[in-house]
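Read through the structure below, which is laid out as structure tokens, and then see the notes.
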Amino acid sequence: MSPVLGLGRSLLWLAGRVMGLWVRPTPLPVDEAERLRGRGRRVLYVLERQSLSDLLALALVCRAVGLPPATRRFVLGAAREPRASLFLERRRGWLRKRADRRTPERLQRLIAAALAAGDCEVDLVPVAVFWGRTPLKTEGSWLRQLVREDWTLVGPFRRFLSTLVNGRRTLVRFGDPVSLAEFVGAEPEARRAARRAVRVMRAEFRNARAAVVGPDLSHRRTVIAEVLAKRAVRAAVALEIRDKRLSRREGLLQARRYALEIAADYSPGFVALMEGILARVWNRLYDGVEVLHAERLELASAGAQIVYVPCHRSHMDYLLLSYVIYKRGFAVPHVAGGVNLDLPVVGRYLRKGGAFFLRRTFRGNPVYPIVFMTYLGVMMARGHPIEYFIEGGRSRTGRLLAPKTGMLAMTLRSFLADPSRPVLFMPVYFGYERLVEAKTYVGELSGRPKQKESVLGLLRSLGVLRKRFGRVFVSFGEPIPLAEILTRVAPGWQQSPVEVRPPWLGAATDALAAEIQSRVNAAAAISPIALLSLALLSAPRQAMPEADLVRQLDLYRRLAERAPYSADVWCTPLDGTAIVAYGHAMGVIETVAHPLGAIVRMSEESAVLSAYYRNNIVHAFAFPSLIACAFLNNPAMRTEDVQRLAWRIYPYIAQELFLRWPEAEVAGVVDEMLAALAELGLLERSADGTLWRRPRTGTAAAVQLSLLAHATLDVIERYYLAIALLLQAGHEAISQDALESRCQQMASRMALLYELRAPEFFDRTLFRQFLDLLRARNVIRTVPGGRLSYDEELLRVAADAQLVLSEQIRHSILQVTAG
């Protein structure tokens, strides 16, 4: 043992006090003290490498959070050890120090003493200490290079410098405690039990270092060389050489150019620099970055390959998620971005932050997709977290977009080629109270073409730093183990040959995509601005008496508490009055004085943008809103009729809004929502429990029920419009493509005539999805020639829609279609 580490407890205490003047270690996870106290066992800390500074950092954390001291005397049976800690790796030699990875003698002594005394009530707790994780200066700084935290065993001088430079950025990460009895029970011999314990501890340290520092990545050139050496790439290049009569050198150079176009050039130094810059940017732009369910990062990091799959609202998404993950003590993911973002100068720095790029389409180029998929597989095999947006592009309406499954399919195939490392998909929800790209989105929804990304456009956008954008919410959804999805879709998938594309791959990819989107929505954050948008956009001309608005906002909050969409949904704690005041402060609404009571309204520009914020959360109120729709045109309804209407409409709206309940659970959810609406005073139940009545017309409760219904009424109107146009065209008289075009034109006309503030109302993609699902459920069919046929089932769907929609709405739709 090093003589320095053999210091008495008094000298160690004094050294710790001196170090504490400068070093400020942060424990991970933050609830470690409660977790260890709850187990009620003695604690023996296992440090990764022999280091006095690591031991003192651990001692500082133990003192700060109330853990058993690491420097206390440890007694187990006949064994008397000077400290309650040991090192897994030591340094040997005098002139040239080298790592000694043999089983620690102290561990063998303690296990032998435990066996002799029959006392195994001891927890081994692996502790990894990270001094700054990343350097603080520029890429060329020699000091930064010298003190970088990486995978190598460093000497005393470098650790001393690291303590000076990164002492206030130190992380002390505690692993899961393991009972000594687990090793002693399986291996009654002390030496073998100690070796088994060492193997478990080393695996824990590898996972911890990969999660915090990132995997042991080689230089970019080495990664590219590994990609080009893969058999799949060589085979694709050989085919390209043969088909296009290229030389071998030309074929390999082409593949190399593709790899250089794709590959990231990750720089820990650049990431550390950007952390400080982004912290200032967020403080200038936002009133706070609220992170929800961040504990799932810790749960998902234990040896699994993490794939972050966030929704895509803004260009800020990339930066926010990487920043949040880094601040929580985990490795920054490699982010897949469109090649349109690989701008001069900018693209180089995005690559240093972990970005890798892909083309929008792989068609007509057989080598490029193989190179890309191989690169993705290499990064996954090395254990680096990956991030991509399955929606493909940013949502301009605020709703989740239909997923594009190309990246998911490549991830699945990479996993099937090497399933030794489990893969977890981490859904992430973003919620903004104001969008940086708001004006751009308004212009695009008004018909202006999408602006191409450029350096000049980036410079122009710097003006947003002078504005405030409220709060932003980053919420981590429930992780999805890939193996569970594969087992559900294709039992026995482990026996599928690797070389062949399995026939069930498409079904598994679609199931995974739907599950991701569903869990993104299940982690929604219901902000004050989103609630204001939901309430005012349901009112005529986006205006309401202030008292009515406050009541409606309070209703939404009570409904979110009484019948929450999911356990992960967060709702603002502000009451209706405070939400209205917050809307004024954000400039979203204005109040107009009136002798009969103040009126709150939105400007025309605010109304267009507010549709975006409403759509972020409309799914959380979709089910009670659908039930409220049933009472718009009917003063009373039987439970069985409400159940039938919900069963009829749910599959279509569930597909559009990515609702979380399977169809088998719809009946139970309807009963739950009816009970919640009755408890809130919006419905009345008959004595025998078979009939439900709406409140008397003109009452405050009747107004609230009507406003709640209007949250999804436009969805039912859109469905009825598509059915009416199909029935008007006639049996086997129109193709789906022509019907989609006609639906879009008619919906656009209705939006102009009736001032509908819902850009998705005339979205052709939504009409296509609705018609595709009608075909999948055999309500309509395609006959030879491409025309659509239907039978009595479509008429029953139309009849149920007529039961929900008022005569005025149906007349308006039919009038537009007749025109």
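The values are calculated or read from the model by the stated rules, or taken from the named source; none is laboratory data. Small disclaimer: the values here were computed from a predicted structure and weren't measured. Heads up, the Cβs are rebuilt from the backbone with ideal geometry, glycines too, and the neighbour counts pull from every protein chain shown. Remember, those area values only see protein heavy atoms, side chains included, never the ligands or the DNA or RNA. Shrake-Rupley method; radii C 1.70, N 1.55, O 1.52, S 1.80 Å.
By how many degrees, 0 to 90 and rounded to 10, does the Cα axis of helix 156-166 deviate from the longest principal axis of the chain?
Rounded to the nearest ten degrees, it is 30.
For an R0 of 25 angstrom, estimate the FRET efficiency from the Cβ-Cβ distance between residue 168 and residue 202 and round to the nearest 0.05.
Numbers: r = 29 Å, r/R0 = 1.16.
Once the sixth-power term is evaluated, E becomes 0.30.
Would you kindly state how much longer the chain becomes between residue 678 and residue 769 on full extension, computed as 0.36 nm times their sequence separation minus their alpha carbon distance, in nm to one decimal?
On the way: separation 91, 0.36 × 91 = 32.76 nm, distance 3.38 nm.
Using 0.36 nm per residue and subtracting the Cα-Cα distance, I get 29.4 nm.
Taking the Cα centre of the stretch 602-747 as origin and charging only Cβ (+1 Lys, Arg; -1 Asp, Glu), how large is the dipole, in debye to the nearest 20? Mind dumping the intermediate values first?
On the way: 11 positive and 17 negative charges, 74 e Å.
Rounded to the nearest 20 debye, it is 360 debye.
So if we plug the beta-carbon distance of residue 796 and residue 541 into 1/(1 + (r/R0)^6) with R0 = 51 Å, what FRET efficiency do we get, rounded to 0.05? Please report the intermediate quantities before stating the final value.
Working: r = 36 Å, r/R0 = 0.70.
It comes to 0.90.
Can you tell me the orientation of helix 52-65 relative to the chain, as the angle in degrees between its alpha-carbon axis and the longest Cα principal axis, to the nearest 10?
50
Dipole size in debye (nearest 20) for the stretch 662-785 around its Cα centre, Lys and Arg Cβ +1, Asp and Glu Cβ -1? The partial results should precede the final answer.
On the way: 13 positive and 16 negative charges, 81 e Å.
The dipole of the stretch 662-785 has a size of about 400 debye.
So which GluC sites (Glu not before Pro) in the stretch 469-551 pass both tests, a DSSP loop state and at most 15 other Cβ atoms within 10 Å of the Cβ?
Numbers: sites: 484, 499, 515, 546; in loops: 499.
Those that pass, being in a loop and sparsely packed, are 499.
Using a Förster distance of 45 angstrom, determine the FRET efficiency expected from the C-beta separation of residue 234 and residue 101, and round it to 0.05.
On the way: r = 37 Å, r/R0 = 0.81.
E between residue 234 and residue 101, to the nearest 0.05, is 0.75.
How large a share of the accessible area of the chain, in percent, is made up of carbon and sulfur atoms when the probe is 1.4 Å and the other protein chains stay in place?
Details: 19830 of 36390 Å².
So the carbon and sulfur contribution to the accessible surface is 55 percent.
Using a 7 Å offset from the Cα along the Cα-to-Cβ direction at both residue 284 and residue 17, what is the distance between the two label points in nm, to one decimal?
That separation, rounded to one decimal, is 4.5 nm.
Pulled fully out, how much extra length does the chain show between residue 116 and residue 362, if you take 0.36 nm times their separation in residues and subtract their Cα-Cα distance? Please list the in-between numbers first.
Details: separation 246, 0.36 × 246 = 88.56 nm, distance 6.62 nm.
Going from the current span to full extension adds 81.9 nm.
Which is farthest toward the positive dipole end of the chain among 108, 177, 358, measuring Cα position about the Cα centre, with Cβ charges +1 (Lys, Arg) and -1 (Asp, Glu)?
108
Along the charge dipole of the chain, pointing to its positive end and built from +1/-1 on Cβ of Lys, Arg, Asp and Glu, which listed residue (537, 779, 132) has its Cα farthest out?
Selected residue: 132.
Using θ = phi - 60° and the Karplus relation 6.51 cos²θ - 1.76 cosθ + 1.60, list the HN-Hα couplings for the stretch 790-802 in order, rounded to whole Hz, with x at every Gly or Pro.
3J(HN,Hα) across the stretch 790-802, in whole Hz: 8, 9, 4, 4, 5, 5, 5, 4, 5, 5, 5, 5, 5.
With θ taken as phi - 60° and the coefficients 6.51, -1.76 and 1.60, list the Karplus ³J(HN,Hα) couplings across the stretch 404-416 in order, rounded to whole Hz; mark glycine and proline as x.
Once rounded to whole Hz, the list reads 9, 9, x, 5, 4, 4, 5, 5, 4, 5, 5, 5, 5.
For every other residue with a beta carbon closer than 12 angstrom to the beta carbon of residue 312, add +1 if it is Lys or Arg and -1 if Asp or Glu, then tell me the sum.
Details: positive: 313, 394, 396, 399, 404; negative: 317, 387, 391, 437.
Here the charged neighbours net out to +1.
Using modelled backbone amide H atoms (1.01 Å from N, in-plane), which distant-in-sequence or interchain residues come within less than 5 Å of residue 28's amide H?
So residue 28 has HN proximity to 172, 173, 174.
Give the accessible area for residue 594 in Å² (nearest 10); use a 1.4 Å probe, count only protein heavy atoms, and leave out ligands, DNA and RNA.
100
Counting each DSSP H run of 4 or more residues in the chain as -39500 (n - 2.57), what helix-only mean residue ellipticity at 222 nm follows after dividing by all residues, to the nearest 500 deg cm²/dmol?
Dividing the helical sum by the residues of the chain leaves -16000 deg cm²/dmol.
Would you tally the net charge around residue 551, using a Cβ to Cβ cut-off of less than 14 Å, leaving residue 551 out, and scoring K and R as +1, D and E as -1? Intermediate results must be reported in sequence, preceding the final value.
Values: positive: 557, 558; negative: 546, 548, 554, 575.
Residues near residue 551 contribute -2 overall.
In the chain, if the dipole is taken from +1 on Lys/Arg beta carbons and -1 on Asp/Glu beta carbons about the Cα centre, which of 69, 417, 767 is farthest to the positive end?
69
Just checking my list [x] 27.8, 99; [y] 28.9, 95; [z] 30.7, 96 against Rg and Dmax of the Cα atoms in Å computed from this structure; which label fits?
Calculated Rg and Dmax of the Cα atoms in Å: the matching label is [z].
Under the 0.36 nm per residue contour assumption, what length would be gained going from the current alpha-carbon distance of residue 599 and residue 191 to full extension?
Values: separation 408, 0.36 × 408 = 146.88 nm, distance 7.99 nm.
That pair, residue 599 and residue 191, stretches by 138.9 nm at full extension.
Report the label-to-label distance for residue 488 and residue 439 in nanometres (one decimal), using points 7 Å from each Cα along the Cα→Cβ vector.
Here the modelled spin labels are 4.4 nm apart.
Using only alpha carbon pairs under 8 Å that are at least six residues apart, calculate the relative contact order of the chain and give it in whole percent. Each step should come with its number before you reach the end.
Values: 1256 pairs, mean separation 71.4, N = 819.
So the answer I get is 9 percent.
On C-alpha positions alone, give me the angle between the axis of helix 9-20 and the longest principal axis of the chain, in degrees, nearest 10.
Once rounded, one gets 40 degrees.
What residues qualify as long-range amide H neighbours of residue 337, i.e. H under 5 Å apart, gap of 5 or more or another chain, H built at 1.01 Å from N?
Here 356, 357, 358 satisfy the definition.
Which value, in Å², gives the accessible area per residue of the chain when a 1.4 Å probe is used on the protein heavy atoms?
Numbers: 36390 Å² over 819 residues.
Per residue, the chain has an accessible area of 44 Å².
Give me the dipole magnitude in Debye, nearest 20, for the chain about the Cα centre, with unit charges on the beta carbon: positive for Lys and Arg, negative for Asp and Glu.
Details: 112 positive and 79 negative charges, 968 e Å.
Using Cβ point charges on Lys, Arg, Asp and Glu, the chain gives about 4660 debye.
Cβ under 11 Å from residue 470's Cβ, residue 470 left aside: what net charge do those residues give with Lys, Arg +1 and Asp, Glu -1? Mind dumping the intermediate values first?
Numbers: positive: 434, 467, 468, 471; negative: 287, 290, 433.
Counting the neighbours of residue 470, the net charge comes to +1.
Residue 592 versus residue 741, label points 7 Å from Cα toward the beta carbon: distance in nm?
Each label point is offset 7 Å from its Cα along the Cβ direction, giving 4.2 nm.
Which order, highest average first, do 227-240, 627-640 follow once you tally other Cβ atoms within 10 Å for each residue and take the mean per peptide?
Values: 227-240: 16.5, 627-640: 18.4.
With the highest mean Cβ count within 10 Å placed first, the list reads 627-640, 227-240.
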